[in-house]
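Below you'll find the structure, written out as structure tokens, and then a few comments.
The values are calculated or read from the model by the stated rules, or taken from the named source; none is laboratory data. All values derive from a computational prediction rather than experimental measurement. Every residue, glycine among them, receives a Cβ derived from its backbone with ideal geometry; neighbour counts consider all protein chains shown. Ligands, DNA and RNA are excluded from the accessible area calculation, which covers all protein heavy atoms including side chains. Shrake-Rupley method; radii C 1.70, N 1.55, O 1.52, S 1.80 Å.
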Amino acid sequence: PWHPWAASPGERSARLLGYHATGAEMVSRVRVASRRGVGVQFEDVSRDPARFALGRIQNDAIETQLFFAEAGSVFPEALHGLWWMDQRGVSLKDGPYPSDPEYTQVCLGAAEENLISFGEASWDNETRCASGVRQYSGGPLSGHWTWFDESGNGESKPWSSGADWILKYEFCFSSDDFDQIDVRTKITNDALGEITLPTFATMVRTSWGWDRVTTIPDAPAKLTEFLKTASIDSGLADWVQAKFGPGYGDFAASGFACHYPLRQVVDGTGKRTDAYSEYLAYVNMQTECEEASFECPRNRGR
């Protein structure tokens with residue numbers, strides 16, 4: 001896959017003004033800042049799309065090629081390492097997780113993205129938020145997201161489409177036990193400036209990783225239950241599908257709550273986990289579909 005490779009601005013950043021660091025020295029300085037929860041940038045970076053490009057990584061060397069929150073850093077252990085966004089529920093194809101037999105992946109929608117990490121994010125102990133996590137742009141070492149190579153030449157339509165919005169996220173723990181997260185989304189463009197969207201994504205800690213949940217923003221439980229019942233009893237899901245497209249119909253049929261597993265494939269010490277082999281088989285799978293779908297990711301790279 002490919003990942004964004006560029007410096008990016010952040011709310012909390014370490015500026016090495018008047019000093020130039022490259023190679024191993026740059027990596028060392030960024031690593032020290034990261035362990036303290038300080039996001040690093042080396043200069044102001046505009047939203048000019050020409051400032052950003054994708055860099056190639058090896059699927060079977062991610063623990064050495066991607067920067068992640070390490071054990072011993074200020075980041076909570078629940079954010080350490082590298083995490084696979086298993087949106088197609090591949091790790092459930094051979095049956096449920098033994099420790100959680102009732103869990104299922106819900107909704108027939110998936111983006112062509114694979115890994116997320118917090119190594120170049122900022123951490124605030126007071127707000128309990130990891131901020132500065134970006135999809136299109138990223139930090140100076142490896143960024144936060146990886147994508148499928150859709151052409152074999154380092155191209156990703158989902159990544160390039162982010163140039164107009166520059167999505168960035170805050171992962172904020174909402175429980176004292178650090179087992180629930182609200183994912184706050186911010187979009188930025190020249191016409192609108194920066195806008196924080198209503199919270200529609202949450203994460204719930206499980207025995208096997210995180211359950212990533214997409215819901216109606218800030219919907220009360222009674223409304224969600226009503227919509228779930230209406231979807232089944234009155235054909236609301238069919239109406240939503242006809243009005244907004246197949247993916248939205250599936251969302252309605254699910255009771256307006258989609259779920260997919262977020263699996264840790266590399267831990268905070270750089271050790272591969274039990275989920276690594278499934279991740280590797282998935283991202284190495286070459287496909288021939290012209291358009292990506294839930295059944296077929298568009299992947300031409302290894």
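Annotations
- Look at (1) of a type outside the set (Val, Ile, Thr); (2) within 13 Å of the chain's Cα centre (by Cα); (3) more than 25 Å from Ser34 (Cβ to Cβ) and you find that Gly152 fails only one, number (2).
- Ile116 more than 20 Å from Val27 (Cα to Cα) and open to solvent by less than 40 Å² (accessible area, probe 1.4 Å): no
- If you go through the stretch 164-218 and pick out every residue that is crowded, with 16+ Cβ neighbours inside 10 Å, at pLDDT below 95 and among the aliphatic types (A, V, I, L, M), you end up with 5.
- Pairs linking a residue in the stretch 143-162 that is closer than 20 Å to Trp83 by Cα to a residue that is part of a loop (DSSP other than H, G, I, E, B) and open to solvent by 40 Å² or more (accessible area, probe 1.4 Å), with Cβ atoms under 9 Å and 6 or more positions apart or on different chains, are Gly143/Trp5; Phe148/Ala292; Phe148/Arg298; Phe148/Arg300; Asp149/Glu155; Asp149/Arg300; Asp149/Arg302; Pro158/Ala292.
- Residue within the stretch 107-126 that is touching a Pro at 6+ places or on another chain (Cβ under 8 Å), modelled with pLDDT of 90 or more and hydroxyl-bearing (Ser, Thr, Tyr) present: no
- Search result, residues across the stretch 132-145 that are over 13 Å from the mean Cα position of the chain (by Cα) and not hydroxyl-bearing (Ser, Thr, Tyr): Gly139, Pro140, Leu141
- Residues located in the stretch 121-131, provided they are open to solvent by less than 10 Å² (accessible area, probe 1.4 Å) and within 13 Å of the chain's Cα centre (by Cα): Ala121, Ala130
- Residues in the stretch 88-112 that are open to solvent by 20 Å² or more (accessible area, probe 1.4 Å) and either farther than 15 Å from Thr206 by Cα or part of a strand (DSSP E or B) (or both): Val90, Lys93, Asp94, Gly95, Asp100, Val106, Leu108, Gly109, Ala110, Ala111.
- Search result, residues across the stretch 132-151 that are open to solvent by less than 30 Å² (accessible area, probe 1.4 Å), out of contact with any Leu (no Cβ under 6 Å at 6 or more places or on another chain) and not aromatic (Phe, Trp, Tyr): Gly132, Val133, Arg134, Ser137, Gly138, Gly139, Pro140, Leu141, Gly143, His144, Asp149, Glu150
- Qualifying residue in the stretch 65-77 (condition: open to solvent by less than 40 Å² (accessible area, probe 1.4 Å) and closer than 23 Å to Met285 by Cα): yes
- Restricted to the stretch 274-291, and to residues there that are touching a residue at least 24 places away in the same chain (Cβ under 8 Å) and outside any helix (DSSP H, G or I), the residue that is farthest from Asp149 (Cα to Cα) is Ala275.
- Selection from the stretch 22-58 of residues that are assigned to a helix (DSSP H, G or I), within 15 Å of Pro140 (Cβ to Cβ) and at pLDDT 80 or above: Ser28, Arg31, Val32, Ala33, Ser34
- Some residue of the stretch 236-244 being modelled with pLDDT of 65 or more and either part of a strand (DSSP E or B) or closer than 27 Å to Trp147 by Cα (or both): no
- Residues in the stretch 51-68 that are among the hydrophobic types (A, V, I, L, M, F, W, C) and out of contact with any strand residue (DSSP E or B) (no Cβ under 7 Å at 6 or more places or on another chain): 2 in all.
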